[in-house]
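Below is one structure, written out as structure tokens; the observations come after it.
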Amino acid sequence: MQFIDTLHDAVYAVMTPISEFVWTYILLYLLLGAGILFTILPRGMQFRLFGHMARVTFTSRGSGTGVSGFQAFATSLAARVGTGNLAGVAIALWVGGPGAIFWMWMTALVGFATSFIESTLAQIYKKRNEDGVFRGGPAYYIERALGQRWMSALFAIFLLIAYGLAFNGAQSNTIAQGMAQAFSIPNWITGIVLVIITALVIYGGLRSVARTAEKIVPVMAIGYFLVALWVLLANIGDVPAMLALIVKSAFGYGPAVGGAVGYTIKIAMENGIKRGLFSNEAGMGSAPNAAAQADVKHPAAQGLVQSFGVFIDTLVICSCTAVVILLSGVYERLMSTSPGQDIVGIQLTQDAMVDHLGSFGEIFIAIAILLFAFTSIIANFSYSQINIEYLCKRHAKSAVSVLRVAVLAMVMIGSVAQLQFVWDFADLAMGLMATTNLIAILILCPIALRTLRDYERQRRDGVREPTFDPKGVLKRPEQVDADVWPRRESAE
């Protein structure tokens, strides 16, 4: 423990100013600016096509030979739905005030379009792997479409740091905190159990991750939503005041709230956007790695599926956590008695649920975070595997073996490390990774927009399942693999 504390102090001193600069002066504006641009150019596709997104998501089952569209969706949702939805929302609310929730919602609304752009690009430039599962993502479309190998390698390295190491540490740390509070289980015991069950899944490969996510994610998301809905209905009289507080606080009106740093619009925006991005991952470049695995007939179809994942993650599940906390007496008591106190995010969520449901609430949140964060860990591994294979093409199998050991080690370390250390580390890695990806998709967005127009044109012509012909959409169709997207003249 002393070694971990010393390491934390040294790394924290170096990475904090870098992380603050990236988030405050680059990513905050780049993320929102890109999201607004991607909303305007396709004429608000996330609003026009919302109903179609939902239908495509729940009917995209695939051929059974690879990873289906729904399995890819479940994998990306497994990564999205984790500590950001439970502990992250609590931290954003405590530090940034209720207004942070409003900015999380705004991040999600523009994030729909951003997620569509990056996931569609991942589908277009994916490649077929010998195990029958497609590979793709920002590393692939940056190299293939932009021709910038150095930039794609940089992204892959940032992703490995974020998803192979930092985020897995954050997830296991939150699980350990939840189990300690609910069941008094020592953190190190939780860590060992997590390592064992994680190993059972990740040693089965990408298909094993997809199958596990497909089974667990829908059950855990629906269960959490139903409990939060019950809390909402039981406190329906307080809901209008809660919504008014969120909106007013977002623009500097209402009581001054938020931990030791105090409340300002800037703090609310930064925390809401940061935790919103950590949760829904739109623009970060992570979900495209799952999107590329899907065996679908048109790239835009899976782009729409992944876009719908932002709705489920932030506008549904994160909002559930915000409702539970803001409607609880715990939040009011803490704000009146200990406004400068540091909190552990998952404990605030647990205490709020106990306020609503009694002792069952603490157990429920502990089980929820176990499922949410565990599925995030295995999905994070799948993202990391794709990118380490990209970096180590000739020695991919050996590199993946090393990656498995590193992931399991980080799960164990994260369960006993300081929460602030893993969150700060995750913030920095996420910021650098998202910045690299956003620059790329801003340049490549015309390709995704033409793909969407092709998809919508075919639907208007009465085609039930549009198919993709790269010659009809891309200016350089030779950049994509013919065995993935056959040209129509060669298929006839």
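One chain, two ends: Glu465 and Leu41. Fully extended at 0.36 nm per residue, the span grows by 150.2 nm beyond their Cα-Cα distance.
Run the numbers on segment 2-451 and let me know its relative contact order in percent, using alpha-carbon pairs under 8 Å that are six or more apart.
Details: 824 pairs, mean separation 162.2, N = 450.
With pairs under 8 Å counted, the relative contact order is 36 percent.
Peptides 25-38, 110-123, 347-360 ranked from most to least packed, by the mean per-residue count of other Cβ atoms within 10 Å: 110-123, 347-360, 25-38. Efficiency by 1/(1 + (r/R0)^6): what FRET value for Ser401 and Ile443, r their Cβ-Cβ distance, R0 = 30 Å, to the nearest 0.05? According to the calculation, E is roughly 0.30.
What does the net charge come to around His52 if you take all other residues with beta carbon closer than 10 Å to its beta carbon, with K and R at +1 and D and E at -1?
Details: positive: Arg48, Arg55, Arg459; negative: Glu456.
Computed value for this residue: +2.
With respect to the chain, whose longest principal axis is taken over its alpha-carbon atoms, helix 265-280 is tilted by about 50°.
Taking all Cα pairs closer than 8 Å and separated by 6 or more residues, the relative contact order of segment 115-184 comes to 18 percent. Check which residues have an amide H placed less than 5 Å from Val67's amide H, if you skip close sequence neighbours. Those lying under 5 Å, H to H, from Val67 are Phe134, Asp295. Taking Cα centre as origin and charging only the Cβ of basic (Lys, Arg, +1) and acidic (Asp, Glu, -1) residues, the dipole magnitude of the chain rounds to 1580 debye. Here the Karplus curve 6.51 cos²θ - 1.76 cosθ + 1.60, taken at θ = phi - 60°, turns the phi angles of segment 376-387 into couplings of 5, 4, 6, 5, 4, 4, 4, 4, 5, 4, 4, 7 Hz, with x standing for Gly and Pro.
Values of log10 I(q)/I(0) for segment 92-228 across q = 0.09, 0.10, 0.21, 0.22 Å⁻¹ run -0.43, -0.54, -1.41, -1.39, by the Debye formula with one identical scatterer at each alpha carbon and no solvent. For the chain, the 222 nm mean residue ellipticity estimated from helices alone, with every DSSP H stretch of n ≥ 4 adding -39500 (n - 2.57) and the total spread over all residues, rounds to -23000 deg cm²/dmol. Computed from backbone phi with θ = phi - 60° and the Karplus coefficients 6.51, -1.76 and 1.60, the 3J(HN,Hα) list for segment 470-484 is x, 5, x, 10, 8, 6, 10, x, 5, 6, 10, 7, 5, 7, 9 Hz; x is used for glycine and proline. Among Leu334, Leu370, Ala417, whose Cα lies farthest out toward the positive end of the dipole of the chain, if unit charges sit on the beta carbon of Lys, Arg (+1) and Asp, Glu (-1)? In the chain, that residue is Leu370.
What FRET efficiency comes out for Arg333 versus Phe225 if R0 is 25 angstrom and r is the Cβ-Cβ distance? Round to the nearest 0.05.
On the way: r = 26 Å, r/R0 = 1.05.
That gives a FRET efficiency of 0.40.
Along segment 15-30 the Karplus relation, 6.51 cos²θ - 1.76 cosθ + 1.60 evaluated at θ = phi - 60°, assigns HN-Hα couplings of 7, 4, x, 5, 4, 5, 5, 4, 6, 7, 10, 10, 6, 4, 7, 5 Hz to successive residues, with x for each Gly and Pro.
Using the empirical formula 2.2 N^0.38 Å as the baseline, the Cα radius of gyration of the chain reaches a ratio of 0.93. Near Val354, within a Cβ-to-Cβ distance under 13 Å, what is the net charge of the other residues, with Lys and Arg +1 and Asp and Glu -1? Charge balance near Val354 sits at -2. Counting only residues at least eight positions apart within a chain, or on another chain, the lysines with an alpha carbon under 21 Å from that of Lys297 are Lys126, Lys127, Lys471, Lys475.
Only the coordinates and a few stated rules stand behind these numbers; no lab work does. Everything numeric in this text was worked out from a predicted model, so none of it was measured. Quick reminder, even Gly has a Cβ in these numbers, built from the backbone with ideal geometry, and neighbours come from all protein chains shown.
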